[in-house]
1. Sorted by average packing, counted as other Cβ atoms within 10 angstrom per residue and highest first, what order do 120-126, 72-78, 61-67 take?
2. Please go through the residue pairs K74/K99; K55/K147; K97/K139; K91/K127; K60/K97 and name each one whose alpha carbons sit more than 21 Å apart in this structure.
Amino acid sequence: MTRRYSLFAAALVAALALIPTAWADNKAAAIDEMEGYLEFVDYGGGVIFAEQIPKDEWAKMMVIDARDPGQFAKGHIPGAVNMDWRQVLSKRSTIPKNKSVLIYCNSGSLSAQAGFALRVAGWDNVKILQGGMEEWKAKGGFDAASKAVGAAKH
């Protein structure tokens, strides 16, 4: 029994000794991926303003509300699905790559982090709603694009 315990302990120590190396390798790989993304990302990093989205385009997109469930329950963009910003990578299999995806939060800061993570992970179809839900509401919601065009005519 002592020999078995000694072998187990030795194997455990050896495995634990490899963790920092594996972590460093993974961290370096993640940094390389982010660096590559930043070298080629379009200006704005996938950010879009509410007034850039015509009303008829909203139904064609997957809209993700990246706020917590409590905030989502108090109000959200109609048709949006709730996916906490911290969970987008773990739930990425539910996010399509073959159609536009829009992600938002209250102001745009948390959804920007989630959107960045998704874009680095290969979802280049993801756009982040600049200013989040607050700006979307202030600009007229689904009618933001037509209101912006109407305001430009004056």
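1. Output ranking for 120-126, 72-78, 61-67: 61-67, 120-126, 72-78.
2. Violating the 21 Å limit, Cα to Cα: K74/K99; K97/K139.
Values quoted throughout were computed directly from the atomic coordinates according to the rules given, and no laboratory measurement underlies them. Every value quoted in this text rests on a predicted model; they were computed, and no experiment measured them. Please note: Cβ atoms are built from the backbone with ideal geometry, for glycine as well, and neighbour counts cover all protein chains shown.
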